[in-house]
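As structure tokens, the structure follows; a few thoughts come after it.
The values are calculated or read from the model by the stated rules, or taken from the named source; none is laboratory data. Here the structure is a predicted model, which is why all the values come from computation and not from measurement. Here the Cβ positions follow ideal geometry from the backbone for every residue, glycine too, while neighbour counts run over all protein chains shown.
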Amino acid sequence: MALPQLWLIQQGACFSNASKLIGIEINEYFCALQKQMVREFEFEDKISIVHRDVKECKDILRSSDVILFHNVFEYFSAEQEEMWRAILDMNLTRGTLIFSCPSLVSLFERSQVSFDSLE
């Protein structure tokens with residue numbers, strides 16, 4: 001999760017009726033920075049930041065209603081197929097909404113990964 005995603009999560013905390021927002025960040029520095037901002041804006045009751053690889057977050061993703069991938073692997077296309085296979089293998093709850101910025105289509109076009117290869 002990059003800083004713009006933290007901003008999105010903070011907006012969600014202010015303007016949504018979601019009971020809990022969870023950010024997953026693999027980078028230790030950004031994780032610490034985001035936790036500091038959550039404390040600073042007093043969102044600890046609604047936002048938590050987890051320092052883990054998204055591929056290891058089956059428990060979090062399977063219990064989510066909405067998943068936002070922000071700037072996910074945009075510059076690391078070699079890891080995209082592995083990440084999406086791991087997510088699809090998690091058997092997310094039917095009806096879970098997945099949003100991605102940039103779009104999944106543009107990510108897959110740049111990486112040569114196809115939706116068909118993930119089935």
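Looking only at the stretch 9-36, filter to residues that are surrounded by fewer than 17 Cβ atoms within 10 Å (Cβ to Cβ) and in a helix (DSSP H, G or I); which one of those is modelled with the lowest pLDDT? Checked the stretch 9-36; the qualifying residue modelled with the lowest pLDDT is Gln11. Looking across the stretch 64-95, the residues that are at pLDDT 80 or above and over 13 Å from the mean Cα position of the chain (by Cα) come down to Ala86, Asp89, Met90, Asn91, Leu92, Thr93, Arg94, Gly95.
Within the stretch 41-69, residues that are in contact (Cβ under 8 Å) with a residue 40 or more places away in the chain and of a type in the set (Ser, Thr, Tyr) reach partners that are exposed (fewer than 12 other Cβ atoms within 10 Å of the Cβ) and not in a helix (DSSP H, G or I) with beta carbons closer than 8 Å, at six or more positions or on different chains, in the pairs Ser64/Thr93.
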